[in-house]
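Worksheet: the structure to be examined is printed underneath.
The values are calculated or read from the model by the stated rules, or taken from the named source; none is laboratory data. The model shown is predicted, which means the values in this text are computed figures rather than measured ones. With ideal geometry, Cβ positions are generated from the backbone for all residues, glycine too; neighbour counts draw on all protein chains shown.
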Ligand code: F6R
């Protein structure tokens, strides 16, 4: 795996947008695996800028997101569907019918997990999967555990994740405690993986990519991926 260190969040975002934009140019019908959170905000803003400049065309692109909170509908401003619409999908010419996230409000979550797994498989798995990383090493919402979960599954979020996510909610009791996430299977089947990490993640990046491969640090499995790139910002 490659670890590229850059000096700022702006450079991280520009480089990630170069790589994702390059993927779209090389294959206008590619499947992009996407992430939410603070880390990709700059990347999405850069992609929007390039679209507005006429440099990128998303009309044939399909997207699959990693995860969604359980209990939130897509029109809830805290949902990841809302985040993606607001930060990327509504600002470029992607066909919204080709943008996919798990449905966190589905009445039968087990059926929803099976549906989403089958959907991602039917698209042929992501050509490029964008990832952030939690301070505890989670990717998607694959939290530290004794085993790796291959398939889409529901997960009780780790205390540290709930605490980290609470910055985006007005009241602590509104922070979702469970989520539905792609498993590490789909992430490992992505043809390319791009993980972006801000300077505050330097410690966990060191543990995940220079330490043992273990489900206690879920991102560490990326050491076994055949085409994984990490961009780490130094400030
Ligand atoms: C979000 C996701 C999470 C985040 C991670 C880092 O879709 O899958 O794994 O990437 O929690 O979040 P930020 O970027 O907010 O630090």
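Data table
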| quantity | calculated |
| --- | --- |
| Residue satisfying condition, being crowded, with 17+ Cβ neighbours inside 10 Å, in contact (Cβ under 8 Å) with a residue 60 or more places away in the chain and farther than 28 Å from residue 23 by Cβ, within set 176, 126, 218 | 176 |
| Single residue of 5, 110, 53 found to be modelled with pLDDT of 95 or more, touching a strand residue (DSSP E or B) at 6+ places or on another chain (Cβ under 6 Å) and either exposed (fewer than 15 other Cβ atoms within 10 Å of the Cβ) or within 27 Å of residue 224 (Cβ to Cβ) (or both) | 5 |
| Checklist (1) in contact with a helix residue (DSSP H, G or I) (Cβ under 6 Å, 6 or more places away or on another chain); (2) closer than 30 Å to residue 56 by Cβ; (3) surrounded by 22 or more Cβ atoms within 10 Å (Cβ to Cβ) applied to residue 87, failing item | (3) |
| Complete set of residues in region 226-235 that are over 16 Å from the mean Cα position of the chain (by Cα) and in contact (Cβ under 8 Å) with a residue 40 or more places away in the chain | 233, 234, 235 |
| Complete set of residues in region 43-81 that are within 13 Å of the ligand (Cβ to nearest atom) and part of a helix (DSSP H, G or I) | 43, 44, 80, 81 |
| Count of region 221-234 residues which are surrounded by fewer than 17 Cβ atoms within 10 Å (Cβ to Cβ) and within 16 Å of the ligand (Cβ to nearest atom) | 0 |
| Matching residues in region 179-215 - criterion: being part of a loop (DSSP other than H, G, I, E, B) and without any contact (Cβ under 8 Å) to a residue 40 or more places away in the chain | 211, 212, 213 |
| Residue within region 107-120 that is within 14 Å of the ligand (Cβ to nearest atom), in contact with a helix residue (DSSP H, G or I) (Cβ under 8 Å, 6 or more places away or on another chain) and in contact (Cβ under 8 Å) with a residue 40 or more places away in the chain present | no |
| Region 185-204: number of residues that are farther than 24 Å from residue 73 by Cα and either surrounded by 22 or more Cβ atoms within 10 Å (Cβ to Cβ) or within 12 Å of the ligand (Cβ to nearest atom) (or both) | 12 |
| Matching residues, region 123-139, being more than 12 Å from residue 196 (Cβ to Cβ) and either more than 8 Å from the ligand (Cβ to nearest atom) or not in a loop (DSSP other than H, G, I, E, B) (or both) | 123, 124, 125, 126, 127, 128, 136, 137 |
| In region 25-42, residue farthest from the ligand (Cβ to nearest atom) [restricted to those that are touching a helix residue (DSSP H, G or I) at 6+ places or on another chain (Cβ under 7 Å) and part of a loop (DSSP other than H, G, I, E, B)] | 30 |
| Contacts under 8 angstrom Cβ, first residue in region 22-49 being under 15 Å from residue 63 (Cα atoms) and touching a residue at least 60 places away in the same chain (Cβ under 8 Å), partner part of a helix (DSSP H, G or I) and away from the ligand (no atom under 16 Å from the Cβ), 6 or more apart | 30/23; 30/24; 32/23; 32/24 |
